[in-house]
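Each reported figure results from applying straightforward, stated rules to the coordinates on display, with no laboratory input. A quick note: this is a predicted structure, and the numbers were derived from the prediction, not measured. So basically every Cβ, Gly included, is an ideal-geometry build from the backbone, and we count neighbours across all protein chains shown.
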Amino acid sequence: METNKLEYSNQYANDLLGLNVNAENNLFDILSKASSILFESYIKPAIFSVGSCEEIQISLLLSDKKKAPAVAHIKLLDSKLYWSIYVAAARDKLYQELLAAREHLESKTEKLTLLTRIDPLTSLDNRRAATDDLAKIINQLKRQFMPVSFLTIDIDWFKKINDRFGHNRGDEVLTELSCILKRVTRASDIVARWGGEEFLVVLYKANLEDTRAFCKRLHEEARKVKPSSDSTLSICIGVSVLQPEDLVYPDVIDMQINKADEALYRAKNSGRNRTEFYEEVVPD
């Protein structure tokens with residue numbers, strides 16, 4: 001215990017560690033530097049305290065100077081330390097393989113989860129993902145209210161685009177508009193393909209003036225999409241602005257989207273290529 005001298009080692013240890021039975025060997029000759037520090041700082045005080053140390057992980061220095069993981073059981077008897085050690089290289093390898101397998105599965109799970117949230121054509125969030133994210137935003141707003149606007153967006157005369165130029169061109173138009181939506185929105189906003197040629201945008205921390213400016217810009221950007229050389233794209237936008245008192249309703253998300261849809265239908269029935277706000281809708 002005092003000198004750290006190795007007084008005895010069996011033949012397997014001699015061969016594995018390259019010990020000379022006729023020479024004086026020291027404990028620190030067979031322990032890695034890190035394990036030597038561990039011995040002085042933790043193992044030795046533990047042995048002084050309780051007389052033993054069970055299943056402690058250490059690193060051994062082998063005869064070829066390579067390190068090998070090992071597990072040691074140590075007991076103090078009459079000022080001598082008795083070590084029972086087994087090399088745990090196979091166990092360590094298995095542990096690393098298990099870690100790698102877990103990381104691989106976690107990565108696969110993340111990718112699969114992402115796939116369930118993404119619309120495959122436009123790479124926007126799908127309806128399910130948008131609904132999940134909206135629920136989180138509503139919970140945040142209940143704690144601290146911020147102005148939020150719900151926008152439903154529909155491409156004007158989209159069926160005519162498909163009929164005249166084909167469904168492939170129709171898909172390209174959807175993709176081009178999706179790229180515009182991603183470009184003009186912020187990371188805090190929600191942008192989703194809601195279904196068919198309809199999109200949902202939820203502007204976070206956007207008051208009425210911010211929303212009007214956004215819709216004006218979106219109309220301008222949409223006109224840059226050309227389904228053909230002699231046509232430009234136009235869209236209708238319906239807007240519903242969330243009010244603090246709306247948060248008391250359990251179906252607040254559906255209510256806001258329905259309001260935006262009502263404004264959207266008014267935009268379509270009023271000549272298209274325009275934005276209507278729900279607050280501005282006057283019943284017939």
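Beta bridges from DSSP with both residues in the chain: antiparallel share about 90 percent, rounded to the nearest 5. Dipole size of the chain about its Cα centre, with +1 on Lys/Arg Cβ and -1 on Asp/Glu Cβ: approximately 560 debye, rounded to the nearest 20.
Principal axis extents of the Cα atoms in the range 70-181, from largest to smallest and rounded to whole angstrom, are 94, 42, 19.
Once both labels are modelled 7 Å past Cα along the beta-carbon direction, what's the Asp251-Lys160 spacing in nm? Once both label points are built, they end up 3.5 nm from each other.
Please rank Asp64, Asp210, fewest neighbouring Cβ atoms within 10 Å first, as an exposure proxy.
Numbers: Asp64 7, Asp210 13.
The fewest-first ordering by Cβ neighbours comes to Asp64, Asp210.
Each of the peptides 23-35, 257-269, 226-238, 3-15 was scored by the mean count of other Cβ atoms within 10 Å over its residues; in descending order, highest first, they stand as 257-269, 226-238, 23-35, 3-15. Histogrammed with a bin width of 5 Å, the alpha carbon distances of the range 163-284 distribute as 2, 10, 19, 24, 21, 13, 7, 3, 1, 0 percent, first bin at zero. Across the range 42-50, coupling constants 3J(HN,Hα) worked out from phi with the 6.51/-1.76/1.60 Karplus curve, θ = phi - 60°, read 10, 5, 4, x, 5, 5, 4, 6, 10 Hz, and Gly and Pro carry x.
Take every Cα pair under 8 Å whose residues are at least 6 apart in sequence, average their separation, divide by the length of the chain, and the relative contact order is 13 percent. Pairs exceeding 22 Å between alpha-carbon atoms, taken from Lys216/Lys259; Lys160/Lys224; Lys111/Lys142; Lys33/Lys65; Lys142/Lys268; Lys159/Lys224: Lys111/Lys142; Lys142/Lys268. Could you give the angle, 0 to 90 degrees to the nearest 10, between helix 167-184's Cα long axis and the longest principal axis of the Cα atoms of the chain? Result, in degrees: 70. Counting every other Cβ atom within 10 Å of each residue's Cβ, Trp83, Trp194 order from fewest to most as Trp83, Trp194.
Normalised by 2.2 N^0.38 Å, where N is the number of residues, the alpha-carbon radius of gyration of the range 47-89 equals 1.29.
Helix 127-143 and the long axis of the chain differ in direction by around 80°, with both axes built from C-alpha atoms. Obtain the radius of gyration and the Kirkwood radius of the range 5-89 from its C-alpha atoms and give Rg over Rh. My calculation of the ratio gives 0.94.
Determine, at each q value in 0.07, 0.10, 0.11 (inverse angstroms), the log₁₀ of I(q)/I(0) that the Debye formula gives when each Cα of the chain is one equal point scatterer. Evaluating at q = 0.07, 0.10, 0.11 Å⁻¹ gives log10 I(q)/I(0) of -0.53, -0.63, -0.69. Calculated mean residue ellipticity, 222 nm, the chain: -14500 deg cm²/dmol, from DSSP H runs (n ≥ 4) at -39500 (n - 2.57) each, averaged per residue and rounded to 500.
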